[in-house]
Amino acid sequence: VISIELSDEEVLLNPPVDTFSRMSGEVWEKTLAAVDSVSGLGAVRAFAERGWEWSSSSVSTVLSGSKRFTSCTRSTQEAVEEQLSAAELYAREAYAPYCRIHHWAKAWDE
C-alpha cells in the first residue's frame, strides 16, 4: 500500500519510490528463495513426461540465466517505477496547495 503524506514542506509518497522498488525486489528474492526450498522431486515426473531433460539447477538460477525473464522483470520494474513517479508528481500538483491549510489545522489541534 502506498499513501500520500503531507510533510512540513511537501507532498510525499509513503514509501518513497526508491524504497518501494527496493522492497519489491526483496519480496521477489524471498519468493524465489521459497520456491528454491521446495524439493524438485515433484517436477521430475512432469519433466520426463514432456521429454525435457531434468536439471538440478535451482529455479532462481534458471530464471536469472533467462534473458527473456530478466528483460520482462526489468521492464515491469521500470513501468511500476514510472507509474509511481507519475503518481507522486500528480499528488504534489493536486495536494501541494492544501499543505498550508493542513499544517494550520494541525497546529490548531495542538
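Key figures for this structure:
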{"item": "Cβ pairs under 9 Å, 6+ apart, first in region 84-110 and within 16 Å of LEU12 (Cβ to Cβ), second of a type in the set (Gly, Ala, Ser)", "result": "LEU84/SER21; CYS99/SER7"}
{"item": "Close pairs (9 angstrom Cβ cut-off, 6 or more residues apart or separate chains): touching a residue at least 24 places away in the same chain (Cβ under 8 Å) in region 67-83, surrounded by 12 or more Cβ atoms within 10 Å (Cβ to Cβ) and among the small types (Gly, Ala, Ser) anywhere", "result": "GLN77/SER21; GLN77/SER24; GLN77/GLY25; VAL80/SER21; VAL80/SER24; GLU81/SER21"}
{"item": "Qualifying positions in region 73-104 - under 30 Å from VAL62 (Cβ atoms) and surrounded by 11 or more Cβ atoms within 10 Å (Cβ to Cβ)", "result": "THR73, THR76, GLN77, GLU78, VAL80, GLU81, GLU82, GLN83, LEU84"}
{"item": "Extreme residue, farthest from VAL17 (Cα to Cα), among residues of region 65-110 that are more than 24 Å from the chain's Cα centre (by Cα) and among the basic types (Lys, Arg)", "result": "LYS106"}
{"item": "Residue list for region 1-35, filter: farther than 27 Å from ALA96 by Cβ and aliphatic (A, V, I, L, M)", "result": "VAL27, LEU32, ALA33, ALA34, VAL35"}
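Taken together, the values in this text are just the output of simple stated rules run on the coordinates, not laboratory data. Everything quoted here is computed from the prediction, not taken from an experiment. Positions of Cβ are generated from backbone atoms using ideal geometry, with glycine treated the same way; all protein chains shown enter the neighbour counts.
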